[in-house]
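Working notes, structure below.
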Amino acid sequence: MKPSLYSYTLDELTQLIKPSFRAKQIYGWIYHNFAMSYDEMSNLPKDLRLQLEQTYDINPLKIINKEISSDGTIKYLLELRDKKTIEAVWLKMKDEIVEDGKVTQEARYTICVSTQVGCKVGCAFCLTAKGGFTRDLYVSEIVAQVVTLKKDNDHKHNRMVNIVYMGMGEPLDNLDNLAKAIEIFKESDGLAIGAKRQTVSTSGLSNKIDRLGRMDLGVHIAISLHAVDDELRTELIPMNKAHNIASIIEAVKRFPIDTRKRVMFEYLVIKDKNDDLGSAKKLIKLLHGIKAKVNLIYFNPYEGTTYERPSQDSMVAFADYLIKHGLLCTIRDSKGIDISAACGQLKEKTIKEAQ
Ligand code: SF4
């Protein structure tokens with residue numbers, strides 16, 4: 001299999017392709033024009049295009065299905081070269097504001113990116129987990145998700161997007177490939193998506209939170225906490241046995257956090273499991289001393305689960321309690337609820353189902 005051009009930083013491509021100024025032109029073609037074939041690269045000599053074609057692929061992904069939610073969220077089913085499938089989600093975060101016929105604020109988008117085919121973590125509430133783990137994604141497959149979704153939505157290269165590594169898989173379980181993809185996204189001659197626009201969301205592998213911190217990439221982290229005591233958390237996320245709540249909190253305290261930013265703690269609220277005020281009180285105690293923000297997420301029931309969605313009243317009471325005690329907190333609106341695109345609820349469909 002030929003390597004994809006998306007596997008390389010600009011420095012690496014400069015080493016590989018001679019004369020080296022061509023590398024920058026190629027970077028422009030693939031990240032500014034989203035070129036998917038060498039024929040499009042009109043300012044490259046024909047023999048170089050031919051040579052490139054024989055040596056490198058461009059996009060290792062193919063869109064095989066799209067589900068568009070009523071709120072504008074688009075869930076993509078993408079096929080890799082080995083025919084495995086992953087998902088990526090295009091989320092509209094803010095609407096465009098038009099005043100007097102002029103756009104005063106452009107719509108803002110976030111791309112939710114997968115890092116593995118399947119996942120090893122096995123969270124009880126997650127549909128991805130049910131299919132087990134297949135393999136890590138290559139660097140090019142992580143990068144390709146952003147290029148593919150931007151191109152498909154006709155989103156110009158210089159219009160900013162945020163990236164959340166919150167799709168299929170545990171990003172810190174594929175840390176080396178993730179770190180390189182983060183660097184490629186940051187390239188100023190490429191997509192120029194700064195580290196501050198990239199958030200790594202983890203189920204809480206405490207040793208790897210430390211490793212990510214030592215890499216000093218400048219990205220944000222989000223922790224899927226979901227419970228305030230180890231018993232429930234182990235029930236929800238079995239690998240909590242190896243990385244318990246205390247070890248995660250300690251690792252977060254060591255993580256280099258931009259002083260203007262906060263660590264996001266995701267808390268999936270499940271009826272009669274973790275939606276009581278006793279849990280809210282424990283959460284405040286647990287996060288004491290951390291510049292934290294809590295994101296309360298409604299659990300979206302799916303076929304076969306025994307867990308239930310909490311009532312709006314208990315959700316609001318939980319949020320009010322946190323806010324009253326000084327903890328920044330939001331309730332996530334149910335983006336993509338009708339297509340199961342919420343965190344941890346991505347479902348890999350078979351190609352047959354998608355057709
Ligand atoms: S919620 Fe995330 S970490 Fe947990 S099993 Fe699903 S994909 Fe893996």
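Some points to look at:
- In segment 182-263, the ratio of gyration radius to Kirkwood radius, Rg to Rh, stands at 1.05 when only Cα atoms are counted.
- Over 29 Å apart at the Cα level, from the set Lys94/Lys291; Lys66/Lys253; Lys120/Lys156; Lys84/Lys261, are Lys66/Lys253; Lys120/Lys156; Lys84/Lys261.
- With all protein chains in place and ligands, DNA and RNA left out, the 1.4 Å accessible area ranks His155, His288 as His288, His155, largest first.
- Area projected by the alpha carbon convex hull of segment 63-118, averaged over all directions, nm²: 5.0 nm²
- The three principal axes of the Cα atoms in segment 69-192 give end-to-end lengths of 52, 35, 24 Å, sorted in falling order.
- Karplus-derived 3J(HN,Hα), 6.51/-1.76/1.60, for each residue of segment 71-87, Hz, glycine and proline x: 8, x, 5, 10, 9, 9, 9, 10, 9, 8, 5, 8, 6, 6, 10, 9, 10
- Amide hydrogen proximity for Thr134: with H placed 1.01 Å from N in the peptide plane, the residues at 5 or more positions away or on another chain lying under 5 Å are Val117, Gly118, Cys119.
- Kirkwood hydrodynamic radius of segment 225-295, from inverse mean 1/r over distinct Cα pairs, in Å: 12.8 Å
- Taking each residue as 0.36 nm, the span from Asn207 to Glu12 lengthens on full extension beyond its C-alpha to C-alpha distance by 67.3 nm.
- Theoretical ellipticity at 222 nm over the chain - DSSP helices of four or more residues, -39500 (n - 2.57) apiece, nearest 500: -9000 deg cm²/dmol
- Mean Cβ neighbour count within 10 Å, used as a protection proxy, ranking 176-182, 102-108 highest first: 176-182, 102-108
- Note on segment 131-254: Cα-only Rg and Dmax are 15.6, 48 Å.
- The gain in end-to-end length when the Ser37 to Asp82 segment is fully stretched comes to 14.2 nm, 0.36 nm per residue minus the alpha carbon separation.
- Within the full protein context, the accessible area of Ile290 is estimated at about 20 Å² for a probe radius of 1.4 Å.
- Gain in span if fully extended, Lys62 to Thr104, counting 0.36 nm per residue against the direct Cα distance: 11.7 nm
- Working value for the chain: equivalent-ellipsoid semi-axes of 36, 21, 21 Å, each the square root of 5 times a Cα gyration tensor eigenvalue, largest first.
- Taking N as its residue count, the alpha carbon Rg of segment 11-82 over 2.2 N^0.38 Å: 1.40
- Distribution of pairwise C-alpha distances over segment 257-319, 5 Å bins, in %: 4, 17, 25, 21, 15, 10, 6, 2, 0
- Charge dipole magnitude, Cβ of K and R +1, D and E -1 - the chain, Cα centre, debye nearest 20: 620 debye
- The Cα-based radius of gyration and maximum Cα-Cα distance (Dmax) for segment 32-126 are 18.9, 54 Å.
- Whole-Å distance, taken between Cα centres, linking segment 295-324 and segment 85-147: 23 Å
- Peptides 306-317, 24-35 ranked from most to least packed give 24-35, 306-317, packing being the mean of other C-beta atoms within 10 angstrom over each peptide's residues.
- Accessible-area ranking of Met168, Met93, Met215, largest first, probe 1.4 Å: Met93, Met215, Met168
- Of all DSSP beta bridges in segment 182-300, antiparallel share, percent nearest 5: 0 percent
The values are calculated or read from the model by the stated rules, or taken from the named source; none is laboratory data. Fair warning: this is a prediction, and the values are worked out from it, not measured in the lab. Here the Cβ is made from the backbone with ideal geometry for all residues, glycine too, and neighbour counts use every protein chain on show. Keep in mind that these areas ignore ligands, DNA and RNA; they rest on the heavy atoms of the full protein, side chains included. Shrake-Rupley method; radii C 1.70, N 1.55, O 1.52, S 1.80 Å.
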